[in-house]
Structures are given as C-alpha cells and as structure tokens.
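The values are calculated or read from the model by the stated rules, or taken from the named source; none is laboratory data. Remember, predicted model here, so these are calculated numbers, not experimental data. Virtual Cβ from ideal backbone geometry, glycine too; neighbours counted across all protein chains shown.
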Amino acid sequence: MRRVPDPRATHLSMDTSKSCFAFTVSESQIGVRLDIVLSGYLRDCSRSYAAQLVQEGAVTVNSNACKPSYRVRPEDHIAGQLPPPRVTENKPEPILFSILHEDEFLIVIDKPPGLVVHPAPGHPSGTLVNGLLHHCPDLAAFGGEIRPGIVHRLDKDTSGVMVVAKQPAVHEYLAAQFQQRAVRKTYLAIVRGNLSSSRGEIQLPIGRHPTARKQMSTVSGKPRSAETHYRVRERFDGATLLELDLKSGRTHQIRVHCAALHHPVIGDPLYGGRHNTMIDVGSGSKKRSVRLARQMLHAWRLGFTHPGDGQWHQFEAGMPDDMLALVHLLREGGSTADEA
C-alpha cells in the first residue's frame with residue numbers, strides 16, 4: 001500500500017497560525033454586514049461565530065468597536081485577534097443521516113444538506129463526526145480529535161455521497177486514491193441560465209481569493225490546476241440541470257467553475273451574489289419567485305476501489321427533496337431533456 005501524507009495532520013478549523021488579522025474592505029464588500037464580511041474572511045468561521053467575536057470586542061473597524069450589523073464602508077480597515085483554539089473532545093450524538101452501505105472496512109453515507117462534516121468555530125457539535133461516533137464508537141480510536149474516519153468532506157449545504165473509513169489502514173488506502181485522482185466523483189447541480197453547449201470541459205486553475213479568505217477564485221496568487229467536465233441533463237426556462245465529473249478536487253470547485261462561466265449554482269450567494277438565492281418558476285399567471293435555503297448541489301455518485309476485495313464499487317444517492325421540488329417547479333415553465 002502506498003503511504004501518503006496523512007490529511008488528518010492538517011489543521012482543519014480556523015487558521016490560527018497567526019492570532020492577529022487585518023484587512024481592508026474590498027469594493028465587492030461595501031454595504032455588507034460586518035459579521036458577514038468577517039465570516040467570509042476567516043476560514044471555517046460561521047456568521048454566528050463572527051458576530052460573537054465582534055460582540056466580545058475582538059474585532060475593530062478603523063480602531064473602533066462596532067456592532068455585527070454595521071455595514072462596512074469603502075476603505076474600512078478591519079482588524080482583530082482570535083482567541084486561542086479550544087481543544088474539545090467530540091461527543092457521540094444521534095445525528096440523522098442515511099447509510100448507503102456499511103461493512104467492516106468503511107461506511108458510505110448520504111449526507112443531508114445543512115449538516116456540517118466536522119467541528120469548527122461556530123459548530124462545536126451537531127456535526128457528521130458526532131453522528132458517526134454515535135453510530136460507530138470505534139472511530140474514536142483513530143483519526144485525531146477533529147474528524148475521525150473522514151477521508152473527504154462536502155460543504156455544509158452540499159448533500160450527497162461520502163465514504164468514511166473504519167480503520168486506520170483503510171483511511172490511508174482511500175486517501176491515496178483521492179490524492180491520485182483514482183476516485184470518480186459525479187455531482188448534480190441546478191445552475192442559472194442556459195449553457196450554449198450540451199457538453200464541455202472547464203479547465204481553470206483555482207486558489208484562495210486574494211481578499212476573501214473563505215472564498216476561492218479563478219484569479220488567485222497561488223492557483224492550482226482544476227478540471228470539471230459537465231453534461232446538460234435538462235434545460236428549463238432560465239436554469240439548467242447539470243451532471244458534473246470532477247477530475248480534480250479543489251475546494252468549492254464546481255461552485256467556482258460554474259460561476260466563472262456566468263452560470264452560478266442556484267442558491268449560492270457566495271459565488272452568485274445575494275440575489276442568486278431567488279429563482280422564478282412557473283409561467284404566465286402562475287409565475288412566481290422562490291427563495292432557496294442552500295446551493296442546489298448534490299454529490300450524486302462516488303466510485304472507488306474497495307480496500308476489502310480490491311474491486312471497483314460505485315454508490316449513488318438520489319437527488320434530495322429540495323432539489324427535486326425545484327426541478328418540478330421549473331418544469332412548470334417548460335423543459336427539454338438533452339440526449340445522453
């Protein structure tokens with residue numbers, strides 16, 4: 001078995017290598033609430049945790065204390081100091097998620113939308129890790145304190161298939177496949193607008209956004225190669241259902257690549273703007289606007305070589321209820337299925 005650097009050794013929560021931070025408001029942030037701007041700058045920081053930092057006086061704007069609701073202005077200088085990280089023990093909790101497959105080596109789950117994968121500032125409990133420890137207590141014996149058994153992760157508001165290792169050797173085996181791009185990851189996404197081509201490739205490098213640390217970008221000082229293949233499944237009036245294969249695994253890859261094509265994933269305000277949470281459905285007198293609670297992105301299929309038998313295994317999770325509901329609403333305005 002090929003040994004690879006253990007991803008568990010990477011710090012997975014907020015980057016606290018430097019407890020002090022400072023930045024100047026960018027043009028795109030003008031008029032946005034301070035807690036939202038802060039959560040976009042600090043990695044793995046929720047809006048509620050950002051608001052807590054502001055309320056506790058750990059953040060200043062132009063050297064003055066502010067409220068979380070303060071709307072930032074041009075050239076505002078935001079600075080602060082993070083509290084020292086608190087080491088806590090993950091506790092088992094009865095968290096709801098579907099198990100697609102389980103054996104002595106691994107668990108394959110269907111992560112519901114809204115579920116955080118591992119504890120982070122603002123999310124100390126109620127995560128998938130807490131639920132896994134409740135379901136499989138032996139996971140606590142390896143993998144570190146932050147994410148025992150977790151080989152890869154999905155964003156909080158992305159649903160779908162994930163694989164979790166039940167043994168240290170299995171963790172290394174699966175991690176090597178992800179690193180070598182030997183795992184096949186296929187997603188479903190509903191994006192805004194209609195793509196001109198039924199199939200295509202997006203090859204745009206992705207790196208950390210130059211000013212918003214929680215955001216990725218195709219314009220970055222340190223980009224890494226990223227490749228996404230897509231196929232149109234169904235076209236609607238003003239939206240498209242895509243099937244996407246990832247040939248690389250960059251953070252927010254699909255969301256960044258679709259936004260770069262000017263077809264952001266519907267429901268994603270981070271890369272599509274705050275108005276991207278609304279979509280018009282229906283037609284004629286029945287046309288109406290619908291507000292979405294999360295990005296319409298689902299990890300539909302995951303394929304990998306199983307560590308037990310050495311054979312290729314593939315697992316699928318059906319489209320979640322909220323995406324299915326949106327598809328049905330969009331079909332009211334008319335749709336066209338593309339040929340396979």
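Summary table
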read-out: Flag for Lys156 being of a type in the set (D, E, K, R), in a loop (DSSP other than H, G, I, E, B), under 30 Å from Thr240 (Cβ atoms) and modelled with pLDDT under 90; value: no
read-out: Residue within segment 238-256 that is more than 24 Å from Ala317 (Cβ to Cβ) and surrounded by 17 or more Cβ atoms within 10 Å (Cβ to Cβ) present; value: no
read-out: Meets criteria (at pLDDT 90 or above and more than 30 Å from Val25 (Cβ to Cβ)) for Leu204; value: no
read-out: Residue under evaluation Ser217, criteria (1) free of Cβ contacts under 8 Å to residues at least 40 places away in the same chain; (2) within 30 Å of Leu42 (Cβ to Cβ); (3) hydroxyl-bearing (Ser, Thr, Tyr); (4) surrounded by fewer than 16 Cβ atoms within 10 Å (Cβ to Cβ), criterion not met; value: (4)
read-out: Of the criteria (1) touching a helix residue (DSSP H, G or I) at 6+ places or on another chain (Cβ under 8 Å); (2) modelled with pLDDT of 85 or more; (3) farther than 23 Å from Pro269 by Cβ, which one Asn90 fails; value: (2)
read-out: Lys185 being crowded, with 21+ Cβ neighbours inside 10 Å and either charged (D, E, K, R) or in a strand (DSSP E or B) (or both); value: yes
read-out: Looking only at segment 87-129, and only at residues there that are buried (at least 21 other Cβ atoms within 10 Å of the Cβ) and among the polar types (S, T, N, Q), the one that is nearest to His313 (Cα to Cα); value: Thr127
read-out: Residue tally, condition buried (at least 16 other Cβ atoms within 10 Å of the Cβ), of a type in the set (D, E, K, R) and in a strand (DSSP E or B), over segment 257-305; value: 1
read-out: Lone qualifier among Ser69, Ser48 - being assigned to a helix (DSSP H, G or I) and either out of contact with any helix residue (DSSP H, G or I) (no Cβ under 6 Å at 6 or more places or on another chain) or in contact (Cβ under 8 Å) with a residue 24 or more places away in the chain (or both); value: Ser48
